[in-house]
Structures are given as structure tokens and as C-alpha cells.
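**Student:** Got a structure here, written out as C-alpha cells. Questions coming.
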Amino acid sequence: QVQLVESGGGLVQAGGSLRLSCAASGRTFSTYYTAWFRQAPGKEREFVATINANGLATYYAHSVKNRFTISRDNAQNTVFLQMNTLKSEDTAVYYCAAARSDIRATQNVQFWGQGTQVTVSS
């Protein structure tokens, strides 16, 4: 069982940066793949980035490649999303997610956080 709580969202100007954190509870967190998804109003939840259990492999949606970086610190039970060069289209609620295996889509997710709002202004 994994509990996930996101933080770090807020309002930022286009071109700026934010760092999201996802604090996890559960003794088995280090065995889970984790990911970030986002959802804008009226849109489906979409994949952003994922990282495997040991943190050695990452994968990003094309829209955020070279701008966002996912990382994790299993000793702290935390996953991060560093977001740079933010664009207005990055505005969304960002959700942390976890699963026992590879995450590339919402149907693979076993556990969701509550989400944190990111708003990018022009």
C-alpha cells in the first residue's frame, strides 16, 4: 500500500521553473515505479514522466522533454518533478502516481496522489 501527497505547485510566469514533490508512505515504496500525470480542466489526464523503482530509467512525454526532469530519493520516500522553461500549456493539476510495473498510461496506475495545481501565466 502506498500513500502519495504532492506539493510544490503554484503560480509561475512563463519561462520560469517549479519543483514538485511527492511524499510517499509505505514500506514498499522503493519497489514501485512512479510517475507524474497532469490534467487541465476539460481534458483527459495525460502522462508526463515516469521513473523506475531504482531511479535508473526515465521516460518523458514529448511535450516536456528537455524541460522537465523526474527523479526520486528512495531513502526519503520522495519523487520529484523539476519543471523548467514552463509554458502556459503546462497549466494543470499535477498528480503523482505509483505502480508495481512500468507506467506509461493512466490505466497502469495503482495509486494516485490528490494533485497539486500548477498555473503558468503569460
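The values are calculated or read from the model by the stated rules, or taken from the named source; none is laboratory data. On a predicted model such as this, the values are computed, not experimentally measured, just so you know. Methodologically, a virtual Cβ is constructed for each residue, glycine included, from the backbone with ideal geometry; neighbour enumeration extends over all protein chains shown. Side chains included, ligands, DNA and RNA excluded: accessible areas come from the protein's heavy atoms. Shrake-Rupley method; radii C 1.70, N 1.55, O 1.52, S 1.80 Å.
**Student:** Output ³J(HN,Hα) for segment 72-82: one whole-Hz value per residue in order, computed from phi by the Karplus curve 6.51 cos²θ - 1.76 cosθ + 1.60 with θ = phi - 60°, and x for Gly and Pro.
**Tutor:** 8, 10, 5, 5, 9, 6, 9, 10, 10, 9, 8
**Student:** Once phi is turned into ³J(HN,Hα) by the Karplus curve 6.51 cos²θ - 1.76 cosθ + 1.60 with θ = phi - 60°, what whole-Hz value does each residue of segment 98-110 show in order, with x for glycine and proline?
**Tutor:** Whole-Hz 3J(HN,Hα) from phi for segment 98-110: 9, 7, 6, 9, 3, 10, 9, 8, 4, 5, 8, 7, 9.
**Student:** Please give the net charge around Arg67, taking every other residue with its beta carbon less than 10 angstrom from that of Arg67, where Lys and Arg add +1 and Asp and Glu add -1.
**Tutor:** Values: positive: Lys65, Lys87; negative: Asp90.
Here the charged neighbours net out to +1.
**Student:** Also, quick follow-up: Over the chain, average the accessible area per residue using a 1.4 Å probe and give it in Å², no decimals.
**Tutor:** Details: 6260 Å² over 122 residues.
For the chain, the solvent-accessible area averages 51 Å² per residue.
**Student:** Starting from segment 69-101, pick out the trypsin sites (Lys or Arg not before Pro) whose DSSP state is loop and whose Cβ has at most 15 other Cβ atoms within 10 Å.
**Tutor:** Working: sites: Arg72, Lys87, Arg100; in loops: Lys87, Arg100.
Answer by residue number: Lys87, Arg100.
**Student:** Share of segment 1-109's accessible area from carbon and sulfur, percent, 1.4 Å? Could the numbers behind the result be given before it?
**Tutor:** Working: 2530 of 5520 Å².
Roughly 46 percent, rounded to a whole number.
**Student:** Placing unit charges on C-beta atoms (Lys and Arg positive, Asp and Glu negative, everything else neutral), compute the dipole magnitude of the chain about its Cα centre in debye, rounded to 20. Can you show the working numbers first?
**Tutor:** Values: 11 positive and 7 negative charges, 23 e Å.
So the magnitude is around 100 debye.
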